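Q: Attaching a single structure in structure tokens format; questions to follow.
The values are calculated or read from the model by the stated rules, or taken from the named source; none is laboratory data. No experiment lies behind these values; they were computed from the predicted model shown. So basically every Cβ, Gly included, is an ideal-geometry build from the backbone, and we count neighbours across all protein chains shown.
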């Protein structure tokens, strides 16, 4: 299982004072040196954390792979086509949300997703769709031409009732299993931390996890290098 680190919250801290530090570009280098398999960043329409400068420099400096999260808007597709990251993850986006609240409504967004995917793939950018754990969403993602999916684990992360947790984990497992059968890459992310990652890491059909907030939060106390290595150690003990 690969571990990609979302560095948005480094930029959030910088933007809180509109200063030059901490620099998410520098943070990305630390994450890679600590063993991360990739860097994730979300360029939002309101530029609340990552800004254009960040993603352009990250494309030139990231040595592993850069996953650009974005909405399927004309503006963002144009930027992605200029930057040419390794991959793009298309996500829903609302101005008022604190963070991404759920997976894409694929049926409602088809008119935007299909042309966006076509444009990105035409220039060699791999595409992923951020979806709720539901097998039907895998079929639709395949129909739209996505190379992979990212399963939203936010609901799982918030649940506390054991029976509900197990039911959500089963939905995640089934979605990942069907995706692998259909030949689509399987990523997962949102709300994952040093405790709840265990159940996800035990799912052999999930190729990669994207984790940001919990790693950056731990880094405040341990340093970013140690925080990344701590997460890697948990995953590697399970997926050796």
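Q: Among the residues of region 51-69, is there at least one that is closer than 24 Å to residue 114 by Cα, touching a residue at least 60 places away in the same chain (Cβ under 8 Å), in a strand (DSSP E or B) and out of contact with any helix residue (DSSP H, G or I) (no Cβ under 8 Å at 6 or more places or on another chain)?
A: yes
Q: From 206, 235, grab the single residue that is assigned to a helix (DSSP H, G or I) and crowded, with 16+ Cβ neighbours inside 10 Å.
A: 235
Q: Let me ask you something else. Scanning for something under 19 Å from the mean Cα position of the chain (by Cα), farther than 20 Å from residue 38 by Cβ and modelled with pLDDT of 95 or more, does region 102-113 turn up at least one residue?
A: There is no residue in region 102-113 that is under 19 Å from the mean Cα position of the chain (by Cα), farther than 20 Å from residue 38 by Cβ and modelled with pLDDT of 95 or more.
Q: Those residues that are surrounded by fewer than 17 Cβ atoms within 10 Å (Cβ to Cβ) and part of a helix (DSSP H, G or I), I need them from region 155-170; list them, please.
A: Selection gives 158, 162, 163, 164, 166, 167, 170.
Q: Out of region 27-50, which residues are without any contact (Cβ under 8 Å) to a residue 40 or more places away in the chain and in a strand (DSSP E or B)?
A: 39, 41
Q: So which residues in region 178-203 are under 14 Å from residue 168 (Cα atoms) and surrounded by fewer than 16 Cβ atoms within 10 Å (Cβ to Cβ)?
A: Result: no residue meets the conditions.
Q: Also, quick follow-up: Of the residues that sit in region 212-226 and are in a helix (DSSP H, G or I) and under 18 Å from the mean Cα position of the chain (by Cα), which one is surrounded by the fewest Cβ atoms within 10 Å (Cβ to Cβ)?
A: Looking at residues that are in a helix (DSSP H, G or I) and under 18 Å from the mean Cα position of the chain (by Cα), I get 217.
Q: Restrict the check to region 114-124 and report whether at least one residue is more than 18 Å from residue 74 (Cβ to Cβ) and in contact with a strand residue (DSSP E or B) (Cβ under 7 Å, 6 or more places away or on another chain).
A: Within region 114-124, not a single residue is more than 18 Å from residue 74 (Cβ to Cβ) and in contact with a strand residue (DSSP E or B) (Cβ under 7 Å, 6 or more places away or on another chain).
Q: For region 174-201, which positions are in a loop (DSSP other than H, G, I, E, B) and farther than 19 Å from residue 158 by Cα?
A: 182, 183, 184
Q: Does residue 2 meet the test of being out of contact with any helix residue (DSSP H, G or I) (no Cβ under 8 Å at 6 or more places or on another chain), surrounded by fewer than 23 Cβ atoms within 10 Å (Cβ to Cβ) and farther than 24 Å from residue 186 by Cβ?
A: No; evaluated as a whole, the condition is false for this residue.
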